[in-house]
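The structure appears below as structure tokens.
The values are calculated or read from the model by the stated rules, or taken from the named source; none is laboratory data. Note that the structure is predicted; figures quoted are calculated from it, not measured. Glycine gets a Cβ as well: all are built from the backbone with ideal geometry, and neighbour counts include every protein chain shown.
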Amino acid sequence: MIAIFEPWLKASHRYTSAYLANSQSTGDDLSAFLSKYEIDRSVGVISLAQAPLFRDDEDEAATRKADGAPQSVERVSMPTPQRIRVLQTHPYVLCVGTLEARKNIWKIAQSWQRLANIDGLSLPRLVFAGQPGWMIRDFERMMDATGYLSGWIETVERASDAELDALYKNCLFTIKASYYEGWGLPIGESLAYGKTAVVSQTSSMPEVGGNMVEYCDPNSIDSIVAACRKLIDDPGHRKTLEARISAASLRQWGSVADDLLAALDAHVAETPRSDMQTPVLS
């Protein structure tokens with residue numbers, strides 16, 4: 001993957017007058033990459049949103065145009081799908097994202113195995129929701145060999161938006177212990193549903209989680225276990241983080257769109273037409 005992506009990125013300056021990154025962390029990494037190859041291009045940052053999958057009717061007033069006409073937005077009230085209703089018979093923690101190695105699902109599963117062996121801990125199930133990816137053989141072998149940790153782990157493959165909506169609404173908290181993210185949409189989605197999370201203290205993820213989540217070192221099972229146990233064992237701490245979420249002004253997709261348009265308008269105004277090149281596709 002790197003062997004394909006890096007040469008493409010290195011050559012992209014030939015038809016790029018500026019770059020936009022979706023987080024400060026990603027922007028810093030891109031700037032370092034361009035500097036390494038002495039590529040002189042600006043890198044702006046447009047952070048993504050901390051927004052739910054759907055808008056509901058209560059959001060209508062906030063989505064009206066200046067003239068009072070309603071915006072065209074998706075507001076959906078959907079029934080809970082059957083396979084999700086089954087999961088809701090027991091408390092659970094939700095992990096959303098492609099089931100692949102870089103999402104750290106192996107260490108997350110090992111952490112749950114360790115939590116399951118702690119006497120007296122009222123352990124929720126762990127629900128992975130996402131499409132199967134690559135380099136997950138060890139994870140699959142562990143699930144097969146242990147019967148999904150004797151039922152403590154569940155997977156919801158290729159979850160629909162309606163299923164994810166129900167999963168977010170009814171979980172205790174979420175977990176995003178990836179090694180690296182460009183932004184971390186599931187963290188923002190979790191916050192939008194009022195749910196705190198266990199989040200890696202790396203790359204862009206602290207930009208999304210702020211002071212509303214519990215952080216962990218994704219390279220340390222001990223750290224992941226400690227962060228999860230704190231949210232499981234200490235409802236008061238969980239409620240404190242949820243209160244911070246309720247008080248926060250979470251970033252919406254409308255703001256992302258406004259910032260993107262403003263950045264594009266400013267760049268076009270500053271860039272002579274002669275400096276703009278048409279990419280050559282081959």
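Taking the criterion of being assigned to a loop (DSSP other than H, G, I, E, B) and of a type in the set (Phe, Trp, Tyr), the residues of the range 162-194 that qualify are Phe173, Tyr179, Tyr180, Trp183, Tyr193. For first residues located in the range 4-18 and in the same structural domain as Ala32 (by TED's automatic domain parsing) and among the hydrophobic types (A, V, I, L, M, F, W, C), partners that are surrounded by 14 or more Cβ atoms within 10 Å (Cβ to Cβ) and assigned to a helix (DSSP H, G or I) and lie 6+ apart or on another chain with Cβ distances below 8 Å form the pairs Leu9/Phe33; Ala18/His267. Entry remark, the range 195-220: residues being in contact (Cβ under 8 Å) with a residue 12 or more places away in the chain and assigned to a helix (DSSP H, G or I) number 4 in total. Answer yes or no: is there a residue in the range 190-209 that is buried (at least 24 other Cβ atoms within 10 Å of the Cβ), at pLDDT 95 or above and at positive phi. Taking every residue of the range 190-209 in turn, none turns out to be buried (at least 24 other Cβ atoms within 10 Å of the Cβ), at pLDDT 95 or above and at positive phi. Glu157 meets the conditions (1) out of contact with any strand residue (DSSP E or B) (no Cβ under 8 Å at 6 or more places or on another chain); (2) surrounded by fewer than 19 Cβ atoms within 10 Å (Cβ to Cβ) in every case but one. The failed one is (1). Mind checking whether some residue in the range 107-125 is assigned to a helix (DSSP H, G or I), within 18 Å of the chain's Cα centre (by Cα), of a type in the set (D, E, K, R) and crowded, with 16+ Cβ neighbours inside 10 Å? Yes, the conditions are met somewhere in the range 107-125.
Suppose the filter is in contact (Cβ under 8 Å) with a residue 12 or more places away in the chain and touching an Asp or Glu at 6+ places or on another chain (Cβ under 8 Å); does Leu260 pass it?
On the way: in contact (Cβ under 8 Å) with a residue 12 or more places away in the chain: yes; touching an Asp or Glu at 6+ places or on another chain (Cβ under 8 Å): no.
Against the criterion (in contact (Cβ under 8 Å) with a residue 12 or more places away in the chain and touching an Asp or Glu at 6+ places or on another chain (Cβ under 8 Å)), Leu260 does not qualify.
Only residues that are over 14 Å from Ala101 (Cβ atoms) and part of a strand (DSSP E or B) were counted in the range 131-161, giving 5.
Ala162: out of contact with any Gly (no Cβ under 6 Å at 6 or more places or on another chain), of a type in the set (A, V, I, L, M, F, W, C) and over 22 Å from Ile245 (Cα atoms), yes or no? Walk me through how you get there before you give the answer.
Values: out of contact with any Gly (no Cβ under 6 Å at 6 or more places or on another chain): yes; of a type in the set (A, V, I, L, M, F, W, C): yes; over 22 Å from Ile245 (Cα atoms): yes.
Yes, satisfied.
I need the full set of residues from the range 40-54 which are in contact with a Phe, Trp or Tyr (Cβ under 8 Å, 6 or more places away or on another chain) and either in a loop (DSSP other than H, G, I, E, B) or closer than 21 Å to Thr202 by Cβ (or both), in order please. So that I can check it myself, show each step before the final result.
Within the range 40-54, the subset in contact with a Phe, Trp or Tyr (Cβ under 8 Å, 6 or more places away or on another chain) is 41-44, 47-49, 51-53.
Selection gives Arg41, Val43, Ser47, Leu48, Ala49, Ala51, Pro52, Leu53.
Taking (1) in contact (Cβ under 8 Å) with a residue 12 or more places away in the chain; (2) small (Gly, Ala, Ser); (3) touching a strand residue (DSSP E or B) at 6+ places or on another chain (Cβ under 8 Å) in turn, Ser223 satisfies each apart from (1). Does Met205 count as among the hydrophobic types (A, V, I, L, M, F, W, C) and under 26 Å from Asn22 (Cα atoms)? It is true that Met205 is among the hydrophobic types (A, V, I, L, M, F, W, C) and under 26 Å from Asn22 (Cα atoms).
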